[in-house]
């Protein structure tokens, strides 16, 4: 399609002799899409492969009409993909200000600047002099999201963004996803929290054993207990 942003075709990847992704395929436009599935299905492996942190063994990844599989992570980031990894990966000794300052160069005149991040997350402004290790889990997630926003990306890739967060902070995160899409960006979310997953995106891709097994909608997934039991292990 003309407005297709990301296309993944027959992607295979793994660790040593263990193949995790099995000819995985999907595509997305400028929208939010959630990938859900049980633990161990390969969701984080997919994120790492898309970002070039793990080399694929087969298949193609096309972003904005250009092949990106085989590129280094920094090259992929420069092409317009920002990654919010599981576990946040902050620097414990760097302050909030220092985390954001590292990516502030070149943001002048763009949508997302450190000032805009502080306006979005006032709690970060209050904690701007505190180190990463001194922040609560929710504050760390805000910082991880804020850091990614400074890339002013076309696509934001989020791996388990609601993990360990209080419901009110999850609601804030859901709002950020919808705001990004409304402003023209795309968001691809890997998520275990069913409420968060179905609130962040209408398109739901269900991952089973390294491939996209089924596509459904947030409405159907939220209301279909059998679908939840079969693919997510949710006990009604």
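Read-outs: derived from the displayed coordinates by stated rules, not from any lab. Not measured: the values here are computed from a predicted model. Because the Cβ atoms are built from the backbone with ideal geometry, glycine has one as well, and the counts that use them run over all protein chains shown.
Answer yes or no as to whether residue 74 is more than 24 Å from residue 177 (Cα to Cα), surrounded by fewer than 15 Cβ atoms within 10 Å (Cβ to Cβ) and free of Cβ contacts under 8 Å to residues at least 24 places away in the same chain.
On the way: more than 24 Å from residue 177 (Cα to Cα): no; surrounded by fewer than 15 Cβ atoms within 10 Å (Cβ to Cβ): yes; free of Cβ contacts under 8 Å to residues at least 24 places away in the same chain: yes.
Here the answer is no, as residue 74 does not meet what is asked.
Output yes when any residue across segment 211-225 is over 21 Å from the mean Cα position of the chain (by Cα), surrounded by fewer than 17 Cβ atoms within 10 Å (Cβ to Cβ) and touching a residue at least 24 places away in the same chain (Cβ under 8 Å), and no when none is.
Within segment 211-225 (the criterion being over 21 Å from the mean Cα position of the chain (by Cα), surrounded by fewer than 17 Cβ atoms within 10 Å (Cβ to Cβ) and touching a residue at least 24 places away in the same chain (Cβ under 8 Å)), the answer is no, since none of the residues qualifies.
Looking at segment 35-53, which of its residues are part of a loop (DSSP other than H, G, I, E, B), at negative phi and buried (at least 19 other Cβ atoms within 10 Å of the Cβ)? Can you show your working first?
From segment 35-53, those part of a loop (DSSP other than H, G, I, E, B) are 37-42, 51-53; that's our starting set.
Filter again for at negative phi, leaving 38-39, 41, 51, 53.
Passing the criteria: 41, 51.
Of everything in segment 1-26, what is within 18 Å of residue 153 (Cβ to Cβ) and either within 17 Å of the chain's Cα centre (by Cα) or part of a strand (DSSP E or B) (or both)? Give them in sequence order.
Filtering segment 1-26 for residues within 18 Å of residue 153 (Cβ to Cβ) gives 3-8.
Scanning segment 1-26 gives 5, 6, 7, 8.
What helices (runs of 4 or more DSSP H) completely inside segment 110-189 contain at least 1 residues that are touching a strand residue (DSSP E or B) at 6+ places or on another chain (Cβ under 8 Å) and closer than 27 Å to residue 35 by Cα? So that I can check it myself, show each step before the final result.
Numbers: elements: 114-120, 122-126, 137-149, 167-182.
Ranges flagged: 137-149, 167-182.
Return the residue satisfying two criteria in turn: it lies in segment 174-197 and is touching a helix residue (DSSP H, G or I) at 6+ places or on another chain (Cβ under 8 Å) and more than 25 Å from residue 63 (Cα to Cα), and of such residues it is surrounded by the most Cβ atoms within 10 Å (Cβ to Cβ).
Restricting to residues being touching a helix residue (DSSP H, G or I) at 6+ places or on another chain (Cβ under 8 Å) and more than 25 Å from residue 63 (Cα to Cα), the top hit is 196.
Pull up segment 54-71, narrow it to residues that are free of Cβ contacts under 8 Å to residues at least 40 places away in the same chain and surrounded by 13 or more Cβ atoms within 10 Å (Cβ to Cβ), then point me to the one that is nearest to residue 189 (Cα to Cα).
Here is the first cut: in segment 54-71, the residues free of Cβ contacts under 8 Å to residues at least 40 places away in the same chain are 65-68, 70-71.
When the remaining residues are screened for being surrounded by 13 or more Cβ atoms within 10 Å (Cβ to Cβ), the result is 68, 71.
Values: 68: 19, 71: 22 Å.
My answer is 68.
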